[in-house]
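The values are calculated or read from the model by the stated rules, or taken from the named source; none is laboratory data. Because the structure is a prediction, the values reported are computed rather than measured. Don't worry about glycine lacking a Cβ; one is built from the backbone with ideal geometry, like all the others, and counts go over all protein chains shown. Each accessible area value is taken on the protein alone, full model and side chains, heavy atoms only, with ligands, DNA and RNA left out. Shrake-Rupley method; radii C 1.70, N 1.55, O 1.52, S 1.80 Å.
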Amino acid sequence: MVPAIPIISFTICVFSAFLIFTKRPRYSFDSIYSVFIIFLSAPHLGHLLVHRFDWGPEFLDFSILFPYTYGPLLLLYIQNLTTEGRSFIKTDLLHFVPFLILQCILLARLFFFQPPEEEFYPHDWHRPSRGFHPNGGLLVTSMLVYSVWVFLLLNRHRKNMVNHFSNIDSIKDLRWMYWSLILFVISTGVHFLLEGLLLTDLPPEAYEPRLIRGAAVLVFSVFFCWFGVRQTVVYTHRELHAFKEKTSKEVEDIEEDRKKYEKSGLREDMIPEYLSKIRNYMESEKPYKDSEFSIDLLSENTDIPRFYITQILSETLETNFYNFVNEYRIKDIISALENISEERANFLRLALEYGFNSKSTFNTSFKKVTGKTPTQYLEEISKVGSA
């Protein structure tokens, strides 16, 4: 009987890959995601074919080497999502050297150093030796190293978000990836636990290692595929501009400007002029009423390099772009509340009208600026008005 877990996992992965391949527009991180879930399905396919056609252990060994690509692909996926202008480069292939080496060793053993034949029963637990398997220990190490690496990238990304966007949601801050990472580590921990149990006298039949490991991988596959398909671009403004036709000369000029701004220091005598220009633009144009307003748009419309804006907000105003914009939104909403004639204000309508994308974000920002919740503030001004 063919086990159910590999069938379910393989079907979910293949269907997710199909959804991504038919997605329009499709970005480079989508391609990395597609490769990841296809490789994620490889061990499941290996188990299915071994059970269905009674193929030998060599094919199973070949398919279960694909998990060595999971850490590198997860890292490249996050790098591509969280780094502006990041694309796949040739040096990224170095992450896959261990996988290729192990595949070459397997093929060499298969064709040149064939061990004596032994009976292989695909429906029973197959293990060449008792104790930690060298490949298993190397795989656990690889997964843990890449998990820590990805976690550090996610933390850096969350810190950068407040200097880039005026609204931050689960798509932009990739909070679903934290849970994916936790499941990834749990799946790795399950693998490590099963490796450790082989050092004991406990027989595999007592704890069904295939079922436990398969269930852990299935949970990760379902979660990652569900949210991965829904993930869209983080740096929306950058990606929208990528669709505009640019000559190679224009692209080079933009890159030269970026490098020049990064290397040149912001002169102190220019700060008041830049700050005045930013404030005048914010007060006259009210761009913050657009929920997608970002620091890139502010930079383009004020002709001030983005790096300078970030530095001015951080060092002069001791704030970040996210808080800076939301303060303007809250001030306008406070003015609207003071002039409102309704007995019960529609806070959600006001929040959306002035650029917030959710009521929870509005409530948090409102309390941060005023020290009170919107309801408390409205009650307070109502008492003052009736006194």
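Want the number for residue 4 to residue 88: 0.36 nm per residue separation, take away the alpha-carbon distance, what's left? Walk me through the intermediate numbers first.
On the way: separation 84, 0.36 × 84 = 30.24 nm, distance 3.58 nm.
The residue 4-residue 88 span can extend by a further 26.7 nm.
Working with all protein chains in place, sort 349, 329, 267, 279 by solvent-accessible area computed with a 1.4 Å probe, largest first.
Final ranking, largest accessible area leading: 267, 349, 279, 329.
Put 9, 31 in order of accessible area, largest first, 1.4 Å probe: what do you get?
Numbers: 9 0, 31 55 Å².
In descending accessible area the options line up as 31, 9.
Can you tell me the order of 149-155, 350-356 when each peptide is scored by its average per-residue count of other Cβ atoms within 10 angstrom, highest first?
Values: 149-155: 16.4, 350-356: 20.7.
With the highest mean Cβ count within 10 Å placed first, the list reads 350-356, 149-155.
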At 1.4 Å probe size, with every protein chain present, just tell me what the per residue accessible area of segment 266-385 comes to in Å².
55 Å²
Cross-link pairs 172/289; 172/277; 277/367 - those with Cα-Cα distance over 25 Å
172/277; 277/367
Given a 1.4 Å probe and every protein chain left where it sits, what share in percent of the accessible area of segment 266-385 is carbon and sulfur?
44 percent
Rounded accessible area of residue 296 (nearest 10 Å², 1.4 Å probe)
30 Å²
Let me cross-check residue 159: its accessible surface, 1.4 Å probe, with only protein heavy atoms counted, in Å² to the nearest 10?
150 Å²
Under a 1.4 Å probe, counting only protein heavy atoms, residue 148 has an accessible area in Å², nearest 10, of 90 Å²
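With the contact rule set at Cα under 8 Å and sequence spacing of 6 or more, what percent relative contact order holds for segment 287-387?
Working: 69 pairs, mean separation 28.1, N = 101.
After rounding, I find 28 percent.
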